[in-house]
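The values are calculated or read from the model by the stated rules, or taken from the named source; none is laboratory data. Note that this is a predicted model, so its numbers are computed, not measured. Cβ placement follows ideal geometry from the backbone for every residue including glycine, while neighbour counts extend to all protein chains displayed. Keep in mind that these areas ignore ligands, DNA and RNA; they rest on the heavy atoms of the full protein, side chains included. Shrake-Rupley method; radii C 1.70, N 1.55, O 1.52, S 1.80 Å.
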Amino acid sequence: MKRTMLITGATGGIGAAIVRAAAAHGYRVFATGRDVAALHALPADPLPVDLRTPGDLAGALPHLDRLDALVHCAGIADVASVEETPHEQWTDTLTVNVVAAAEITRILLPALREAAGHVVFVNAAPGLHAVPRWSAYAASKTALRELADSLRIEETPHGVRVTTVYPGGTATDLLAKVRARFGQPYDPAKSIQPTTLATVVLTILEMRDDAYLSEVSVQPTPHGTPPGGAN
Ligand SMILES: NC(=O)c1ccc[n+]([C@@H]2O[C@H](COP(=O)([O-])OP(=O)(O)OC[C@H]3O[C@@H](n4cnc5c(N)ncnc54)[C@H](OP(=O)(O)O)[C@@H]3O)[C@@H](O)[C@H]2O)c1
């Protein structure tokens, strides 16, 4: 039987790389996002959804008897101080980054349990905490970690595995925009490549049955000058 994956954020830099890697590993992939043209360019079944309206998700997701992998990769990461952030932006950030992930998980839990499946949450960079001008994003990702950690315990009796991935800077449009807003340099060549992160996610999913990775931090390789200078 062909293994199945449903992924959010499939049209993004990281999500699209995961879709391609999963398809290459033989998964049938259900890919969600808002950009319909980008969805149709993927080797996947396209599922256009707007995660800002989680009440619509039950009607938008396919009925699946079994689901091997659910990957939560959608995210928004607006850079703004508390003073600059209207409540609508807080609501969108928490809804897309957390509430929709909880609701999709809830809807698909029977199929995940049937397959003894795996839920993967793509969180924020390792150690992200108390970042001035990024409070909504940081709060949403902290809540996402709590969601994942509680779910892991709840689903232990049902055989569903839960993994959180913490990626450092990964070369996508999101990182380019965030670095520009913070006035920081951005060099895609010195960032994690989305295909590398996709390999990490597939490694998590493809591990032998006796163990799994519950949390994975991924850092870009340092490009500094070694002590004593390069030689
Ligand atoms: N890039 C990094 O350095 C980095 C580091 C750590 C963690 N992350 C996390 O990795 C994940 C993917 O990031 P990325 O860099 O690949 O970002 P990206 O290229 O901007 O992709 C974001 C994805 O989220 C989807 N999305 C946003 N709002 C949505 C909405 N209202 N409804 C449905 N889908 C929505 C987008 O789909 P549409 O455009 O089709 O709506 C897109 O597929 C995010 O959760 C991010 O926080 C990224």
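Across the options Leu51, Gly9, Thr199, the greatest Cα extent toward the positive end of the charge dipole of the chain (unit charges at beta carbon of Lys, Arg, Asp, Glu) belongs to Thr199. Stretched out straight at 0.36 nm per residue, the stretch from Asp173 to Val131 would grow longer than its current Cα-Cα span by 13.1 nm. Measuring nothing but protein heavy atoms, the accessible surface of region 4-218 at 1.4 Å probe radius is 54 percent carbon and sulfur. Computed from point charges on the beta carbon alone (+1 for Lys and Arg, -1 for Asp and Glu), the dipole magnitude for region 4-218 about its Cα centre is near 420 Debye. Over region 136-231, accessible surface divided per residue gives 57 Å², non-protein components excluded, 1.4 Å probe.
Screening the chain for whole DSSP H helices of 20 Å or more along their axis (Cα) with average Kyte-Doolittle hydropathy at least 0.5 returns 100-114. Once you reduce region 162-220 and region 1-46 to the center of their Cα atoms, the two points are 17 Å from each other. In this rough spin-label picture, where each label sits 7 Å from Cα along the Cβ direction, the Thr199-Ala180 distance is 2.9 nm. When shorter helices are ignored and each DSSP H run of at least 4 residues is given -39500 (n - 2.57), the per-residue value for the chain at 222 nm works out to -11500 deg cm²/dmol. Among residues other than Val49 with Cβ under 14 Å from its Cβ, the summed charge is -3 (Lys and Arg +1, Asp and Glu -1). Projecting the Cα atoms of Gly159, Ser81, Thr170 onto the charge dipole of the chain, computed from C-beta unit charges around the Cα centre, puts Thr170 farthest toward the positive end. For region 1-51, the relative contact order works out to 35 percent when only alpha carbon pairs closer than 8 Å and six or more residues apart are counted.
Note on Ala37 and Ser81: the model spin-label points, each 7 Å out from Cα along the C-beta direction, lie 3.8 nm apart. Using the Cβ-Cβ distance between His63 and Gln89 with R0 = 41 Å, the FRET efficiency computed as 1/(1 + (r/R0)^6) comes to roughly 0.75.
What the Cβ-Cβ distance of Ala23 and Ser214 gives, at R0 = 25 Å and to the nearest 0.05, is a FRET efficiency of 0.45.
Residues of the chain were split at every exposed loop site, defined as GluC sites (Glu not before Pro) in a DSSP loop with at most 15 other C-beta atoms within 10 angstrom, and the longest piece left, sites excluded, is 85-205. For the chain, a Gaussian network of Cα nodes joined below 10 Å ranks Thr85, Thr164, Thr105 by mean-square fluctuation, and the top entry is Thr85.
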